[in-house]
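In what follows, a single structure is set out as structure tokens and then discussed.
The values are calculated or read from the model by the stated rules, or taken from the named source; none is laboratory data. All figures in this text were calculated on a predicted structure; none of them were measured in a lab. In this analysis, Cβ positions are derived from the backbone assuming ideal geometry, glycine residues included, and neighbour counts consider all displayed protein chains.
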């Protein structure tokens, strides 16, 4: 099984790419800071959003029933799915009913989570991702590496080559504008020929039964307005109580995600247009289990802005694919173990616990604290024998000062006389990237005793 450390080590073989990836994401983090600093009441907005989401999570059953009632009254067909498999079958059933074989899809991390694309393709449905980043990784036959910028790991020259190989285009020397125009021309025909359109849901509003989809490219609107069938898929935690609360989240989302004041398109869907059928699939897929975990419940506040990824030193230098999960980075390292603790047991350790993720989270999720708590759960349920032995040995050494002094002196002596090739072996993870400091002549304890006597 590929673990995060192994996948990260593979990513780090290309140092130039690692540095470029790090720089690209930090650029987005800086944009976020500039946007946030222009809002005097930013911390008040964060606290308000956090309290709203907590209220929803504390009364989720009530709000879900209210939302379903109002959505049905608006003419929306509401479906419930316990997991990804049921979600996929529901979507397929809707498409089969309308004999739809061509589906245009805007960005939806939930459908990625449920592995909808390969499921539908296996059943003869052509699925076209219409978000530019999603389209790029679809053509490359790769999963997204970021929840907001799914192709952030690809350079413009690589995308140029990809378009040449998959669409037969001519080289444009990696010009972003030209590449965008190529994608736009290709997708336009897909939109015109689609039998159905699928979107995600950023916010579902309980008291109206409507929902909001946020995009920067207008692809969700294009798909929905042209297709006779609109399927929207949402995790059950996407609810907010009223329309009045929406403004709080719209002010937070784009600034946290990309440093914009607001997304280019904040599209409101209340009911199907005349002649159109609208379906909404509400999915659990482990969310109620996470809701029942007191220590990790707050993670369901997440509005999928990706700010924690942009700031995380581990994510920036290990790449999104190293996490092996649909939602990578710090928040993914909390959500994924809930789905499969053994498979994702290394993710909570992919963190320095520096707290930067919690500092930038727009809904004030205590991300680093939850990562630490997951570590405790994992060491209890899936203990690492090597780590356990190492910690017990360390505990014994630190318990007895005389033993610590002896072993410290021994280590200093051995480091001085041991050949460099042995000191900087694979066993010394520190030495893979840096030199050890010069070995001191004495310990601090010895130095302190000597100098205290000297100074009286």
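When 201, 224 are screened for being part of a loop (DSSP other than H, G, I, E, B), in the same structural domain as residue 92 (by TED's automatic domain parsing) and in contact with a strand residue (DSSP E or B) (Cβ under 7 Å, 6 or more places away or on another chain), only 201 passes. Of the listed requirements (1) in contact with a helix residue (DSSP H, G or I) (Cβ under 6 Å, 6 or more places away or on another chain); (2) surrounded by 23 or more Cβ atoms within 10 Å (Cβ to Cβ); (3) assigned to a helix (DSSP H, G or I), residue 253 misses just one: (1).
Might you check whether a residue that is under 44 Å from the mean Cα position of the chain (by Cα) and within 27 Å of residue 15 (Cβ to Cβ) occurs anywhere in the stretch 438-448? Yes, that holds for at least one residue. Going residue by residue through the stretch 184-197, is there one that turns out to be in contact with a strand residue (DSSP E or B) (Cβ under 7 Å, 6 or more places away or on another chain), surrounded by fewer than 23 Cβ atoms within 10 Å (Cβ to Cβ) and assigned to a loop (DSSP other than H, G, I, E, B)? There is at least one residue in the stretch 184-197 that is in contact with a strand residue (DSSP E or B) (Cβ under 7 Å, 6 or more places away or on another chain), surrounded by fewer than 23 Cβ atoms within 10 Å (Cβ to Cβ) and assigned to a loop (DSSP other than H, G, I, E, B).
Suppose we keep only residues that are touching a strand residue (DSSP E or B) at 6+ places or on another chain (Cβ under 8 Å) and assigned to a loop (DSSP other than H, G, I, E, B) within the stretch 261-297. Which one would you say is nearest to residue 85 (Cα to Cα)? Checked the stretch 261-297; the qualifying residue nearest to residue 85 (Cα to Cα) is 285. Only residues that are part of a loop (DSSP other than H, G, I, E, B) and touching a strand residue (DSSP E or B) at 6+ places or on another chain (Cβ under 7 Å) were counted across the stretch 76-104, and they come to 4. The number of residues in the stretch 270-290 being within 23 Å of residue 113 (Cα to Cα) and over 21 Å from the mean Cα position of the chain (by Cα) comes to 4.
Any residue at all in the stretch 134-147 that is free of Cβ contacts under 8 Å to residues at least 12 places away in the same chain and under 28 Å from the mean Cα position of the chain (by Cα)? The answer is yes, given that some residue of the stretch 134-147 is free of Cβ contacts under 8 Å to residues at least 12 places away in the same chain and under 28 Å from the mean Cα position of the chain (by Cα). Among the residues of the stretch 115-122, is there at least one that is closer than 30 Å to residue 311 by Cα and either part of a loop (DSSP other than H, G, I, E, B) or at pLDDT below 95 (or both)? Looking for residues that are closer than 30 Å to residue 311 by Cα and either part of a loop (DSSP other than H, G, I, E, B) or at pLDDT below 95 (or both), one finds at least one in the stretch 115-122, hence yes. Out of everything in the stretch 305-326 that is in a loop (DSSP other than H, G, I, E, B) and touching a helix residue (DSSP H, G or I) at 6+ places or on another chain (Cβ under 6 Å), what residue ends up being surrounded by the fewest Cβ atoms within 10 Å (Cβ to Cβ)? The residue in question is 326.
Yes or no, residue by residue, for (1) surrounded by fewer than 17 Cβ atoms within 10 Å (Cβ to Cβ); (2) touching a strand residue (DSSP E or B) at 6+ places or on another chain (Cβ under 7 Å):
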| residue | (1), (2) |
| --- | --- |
| 122 | yes, no |
| 129 | no, yes |
| 150 | no, no |
| 155 | yes, no |
| 158 | yes, no |
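Of all residue pairs spaced 6 or more apart or on separate chains, those with beta-carbon atoms under 7 Å, a first member in the stretch 165-180 that is in the same structural domain as residue 217 (by TED's automatic domain parsing) and a second member that is in a loop (DSSP other than H, G, I, E, B) and surrounded by 12 or more Cβ atoms within 10 Å (Cβ to Cβ) are 178/172; 179/172. Quick one: in the stretch 417-448, which of the residues that are assigned to a helix (DSSP H, G or I) and modelled with pLDDT of 85 or more is surrounded by the fewest Cβ atoms within 10 Å (Cβ to Cβ)? Out of the qualifying residues, it is 417. Quick check on residue 43: is it at pLDDT 95 or above, closer than 24 Å to residue 330 by Cβ, in a helix (DSSP H, G or I) and assigned by TED's automatic domain parsing to the domain that holds residue 120? The answer is yes for residue 43. Scanning the stretch 27-47 for residues that are within 16 Å of residue 154 (Cα to Cα) and touching a helix residue (DSSP H, G or I) at 6+ places or on another chain (Cβ under 8 Å) returns a single hit, 28. Restricting to helices (runs of 4 or more DSSP H) lying wholly in the stretch 327-399: which have 2 or more residues that are without any contact (Cβ under 8 Å) to a residue 40 or more places away in the chain? Passing ranges, in order: 329-339, 367-381, 385-399. For the stretch 11-28, a residue qualifies if it is surrounded by 14 or more Cβ atoms within 10 Å (Cβ to Cβ) and assigned to a helix (DSSP H, G or I), and the qualifying residues are 11, 17, 18, 21, 22, 24, 25, 26, 28. If the condition is being surrounded by 17 or more Cβ atoms within 10 Å (Cβ to Cβ) and outside any loop (DSSP other than H, G, I, E, B), then the stretch 160-177 contributes 160, 162, 163.
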